[in-house]
1. Within the set of pairs 6 or more residues apart or between chains, which connect a residue that is more than 22 Å from residue 380 (Cβ to Cβ) inside region 5-17 to a residue that is of a type in the set (S, T, N, Q) and crowded, with 18+ Cβ neighbours inside 10 Å with Cβ atoms less than 9 Å apart?
2. How many residues, within region 29-52, are more than 30 Å from the chain's Cα centre (by Cα) and of a type in the set (Ser, Thr, Tyr)?
3. Looking at region 235-268, which of its residues are in contact with a strand residue (DSSP E or B) (Cβ under 9 Å, 6 or more places away or on another chain) and closer than 23 Å to residue 378 by Cα?
4. Of the residues that sit in region 267-311 and are modelled with pLDDT under 95 and of a type in the set (A, V, I, L, M), which one is surrounded by the most Cβ atoms within 10 Å (Cβ to Cβ)?
5. I'd like to check something: does region 137-145 contain any residue that is in a helix (DSSP H, G or I) and in contact with a Ser or Thr (Cβ under 8 Å, 6 or more places away or on another chain)?
6. Please work out if residue 264 is within 28 Å of residue 293 (Cβ to Cβ) and open to solvent by 20 Å² or more (accessible area, probe 1.4 Å).
7. If you go through region 34-50 one residue at a time, do you hit one that is within 24 Å of residue 420 (Cα to Cα) and either in contact with a Ser or Thr (Cβ under 6 Å, 6 or more places away or on another chain) or free of Cβ contacts under 8 Å to residues at least 24 places away in the same chain (or both)?
Amino acid sequence: MAPIVNSGEVIISQEPYASTSNKILVGSSCDHCFASDNLRKCSVCRVTWYCSSDCQKVEWKLHQLECRAMAALTEDRKKMLTPTIRLMVRLVLKRKLQNEKVIPSSCIDNYYLVDALESHISEVDENQLVLYAQMANLVDLILPSVELDLKEIAHTFSKFACNAHTICDSELRPLGTGLYPVISIINHSCVPNAVLTFDGRTAYVRALQPIGKDEEVSISYIETAAVTKKRQNDLKQYFFTCTCPRCVKGSEDDALLESYRCKNQACDGFLLPESGEKAYTCQKCSISRDEEEVKKMTREIVLLSDKASSLLKSGNTTEAGSIYKTIEQLEQKLYHAFSITLLHTRETLLKIYMELQDWQTALTYCKSTIPVYERVYPPFHPMIGLQFYTCGKLEWLLECTEDALKSLTKAADILRITHGTKSQFMKELFGKIEEARAEVSFRLSSGPGHDEQFS
């Protein structure tokens, strides 16, 4: 039977019922479209930022009420405008304006959809309930002219916790938070057949693979590059236990991601605790590794990690990078090649050497992460595509044009499925590929002496 949705097709797109930037007082992005260029602060409330008069006009009916409320706050109270509080203020005001017919509503943009979302309030612990009540009182303080049902506001905060989505840019860097009531009803899987990405604040759910008539669409709510126990723990805020194939299968996948490596460097097996013995045994070649040796190396790594983390936080990037390199070398001796611990260290090293503009070292660590990404993510996953994209950019900077063309092409093959082809990010990626292709063709046509002419 032919699929009803093919890979890369948009299953649904939606604008948020309400959204807000993550960095409210800093002004990192436009409050309407989340663009980061040409930002100007509202001269009245001194809180909201817009990138253009067009964005300001679109938001004006809502911001007019919000502006008046925030302008009346003292500077200390403005600091209490966390993204979650601001999201609630904007939601309350939009509901008010829709009720009064000042702004339009539609079948996918109305408060009834928010009202229908599950809050799981009966499962929320007492301390969290108290916090929601305090947050509701703060919203009441910010909006004294609006009659509020504080119990309903507290319930809606609980809805935010399990229904709101982090709005990310095309490279999956978080920009803000939005409530997308229709998309919120899509269930989770650790092996999803669809992916949620954003262009500005518009959310798109695209198929990662062909989806048949009777198949349920699923996305991932969490970072899935983790063992089952970690994923299940991360899902607790959503009040369900995942029973996807990966969670049911569990053991072998988890063993690779969190296990120690075989002492024999030529073996790619992983170690299992030996019953009744103070040792770990390789499941492939049966060579044992002493438990005390493993513990000693683990302690050394923990001490070095604490030191490196402190240096990084204090801005000593070069020294931190040097220590993380030592940690990575120790972890290569201790952990399996697919270890999540080793992966996270390499991701940290990639960020450090990107910041230091040491492109060659950054490329080495970038390449080392891809086999693990390909192991833990579905074949068409944005994280894999973006890692190839980073490799391609680094290879371009290092003038390895043929390698850059290969990496950028691999990135585009994945990202055209997850991101579509029409966003500015994708247009720029296609432009880079054409530029690299033209340079490779020019070098080939110029013959072997070309590079010497310009060296």
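The values are calculated or read from the model by the stated rules, or taken from the named source; none is laboratory data. Because the structure is predicted, anything quoted here is derived from the model rather than measured. Every residue, glycine among them, receives a Cβ derived from its backbone with ideal geometry; neighbour counts consider all protein chains shown. Ligands, DNA and RNA are stripped out before the accessible areas are found, and what is left, the full protein with its side chains, is counted by its heavy atoms. Shrake-Rupley method; radii C 1.70, N 1.55, O 1.52, S 1.80 Å.
1. Qualifying pairs under 9 Å: 16/177.
2. So the answer is 1.
3. 235, 238, 240, 242, 244, 255, 256, 258, 259, 268
4. Among residues in region 267-311 that are modelled with pLDDT under 95 and of a type in the set (A, V, I, L, M), the one surrounded by the most Cβ atoms within 10 Å (Cβ to Cβ) is 271.
5. Looking through region 137-145, none of the residues is in a helix (DSSP H, G or I) and in contact with a Ser or Thr (Cβ under 8 Å, 6 or more places away or on another chain).
6. Taking the combined requirement at face value, the residue satisfies it.
7. yes
Okay, residues lined up against (1) in contact (Cβ under 8 Å) with a residue 12 or more places away in the chain; (2) of a type in the set (D, E, K, R); (3) within 16 Å of residue 147 (Cβ to Cβ); (4) in contact with a Cys (Cβ under 6 Å, 6 or more places away or on another chain):
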position: 72; (1), (2), (3), (4): no, no, no, no
position: 88; (1), (2), (3), (4): yes, no, yes, no
position: 93; (1), (2), (3), (4): yes, no, yes, no
position: 96; (1), (2), (3), (4): yes, yes, yes, no
position: 100; (1), (2), (3), (4): no, yes, yes, no
position: 108; (1), (2), (3), (4): yes, no, no, no
